[in-house]
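J.: This is the structure I want to talk about, given as structure tokens.
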Amino acid sequence: MKKFFKTHAKLCIAVLALALVTVGGTLALMVTSPKALLNNFTAASIDTEINEVVGEGTKQVKIKNHGPSDAYVRARIMVSGVSKEKVKIVDEEPAVNAIETDCVYLVMQNNANSAGRWYKDQEPEKYSDDFYYYLGVLPDGGSTKELLSKVIIGKDLQSNDEFLEQFTVTVYHESVLAIEQPEEGQTVNLAMVQRAFTNAVPTTTPGT
């Protein structure tokens with residue numbers, strides 16, 4: 001079977017965070033050394049990328065942070081060639097006899113509203129951006145749990161050349177600095193991660 005998967009270029013938002021250092025007037029007057037006083041600043045930045053393993057019918061997707069700063073990430077999965085109603089989100093691979101022949105199944109084993117999982121708000125009146133948010137702080141060198149584990153195409157679609165010519169599964173992601181982090185004993189929640197993106201520089205809506 002042909003493979004029709006692609007990964008969209010990511011948009012990484014790095015908000016420059018510099019600490020403001022002030023010196024009191026009295027202390028400044030007491031400095032008599034002829035050498036210049038040098039304050040070194042380290043700019044906070046993040047570098048995230050999609051790591052994927054594509055096989056026969058599989059598309060295992062994770063996001064990795066190359067640092068140096070902690071990050072929050074969100075991702076969008078876009079399926080073309082089939083109507084939205086024919087795309088089924090499931091948390092485990094369905095039995096063969098349960099697969100609808102004209103549908104596409106996205107197996108997302110870590111799709112849940114709990115720490116260390118990917119989650120999309122299920123209340124339409126509160127949520128409209130269609131992103132899955134990773135409910136965890138991604139440290140330097142860390143990877144998320146799998147966003148997508150497998151793509152299953154219904155039997156009728158597998159033999160439909162017109163469908164196969166248009167069918168793609170595109171994964172797009174964004175990341176921001178994890179400036180606000182949970183206190184000891186608490187976990188990252190959806191509101192916290194959404195707030196980080198809201199407070200960051202506005203992002204560009206990805207194309208299809």
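Values in this text are rule-based calculations from the coordinates and carry no lab data. Values in this document were obtained by computation on a predicted structure and should not be read as measured data. Cβ placement follows ideal geometry from the backbone for every residue including glycine, while neighbour counts extend to all protein chains displayed.
J.: Give me the percent relative contact order of segment 95-181, please, defined on Cα pairs under 8 angstrom at least 6 residues apart. Don't jump to the answer; show the numbers that get you there.
T.: On the way: 91 pairs, mean separation 31.4, N = 87.
Rounded, it is 36 percent for segment 95-181.
J.: Determine Rg/Rh for segment 79-166; Rg is computed over alpha-carbon atoms and Rh is the Kirkwood hydrodynamic estimate from the same atoms.
T.: Ratio of gyration radius to Kirkwood radius for segment 79-166: 1.03.
J.: Here is a further query. Which ³J(HN,Hα) values, rounded to whole Hz and listed in residue order, are derived for segment 98-106 from phi using the Karplus coefficients 6.51, -1.76 and 1.60 in 6.51 cos²θ - 1.76 cosθ + 1.60 with θ = phi - 60°, glycine and proline given as x?
T.: Once θ is set to phi - 60°, the couplings for segment 98-106 become 9, 7, 6, 5, 10, 10, 10, 10, 9 Hz.
J.: In this model, which of 59/86; 84/145; 62/155; 86/155; 62/150 are farther than 22 Å apart at the alpha-carbon?
T.: From the list (59/86; 84/145; 62/155; 86/155; 62/150), the Cα-Cα distance tops 22 Å for 84/145; 62/155.
J.: Another question about this same structure. In nm, what is the difference between 0.36 nm times the number of residues separating residue 162 and residue 49 and their Cα-Cα distance?
T.: Value of the extension gain: 37.5 nm.
J.: Continuing with the same structure: Give me the net charge of residue 181's neighbourhood, meaning all other residues with Cβ under 15 Å from the Cβ of residue 181; Lys, Arg count +1, Asp, Glu -1. Don't jump to the answer; show the numbers that get you there.
T.: Values: positive: 195; negative: 70, 140, 180, 183, 184.
Residues near residue 181 contribute -4 overall.
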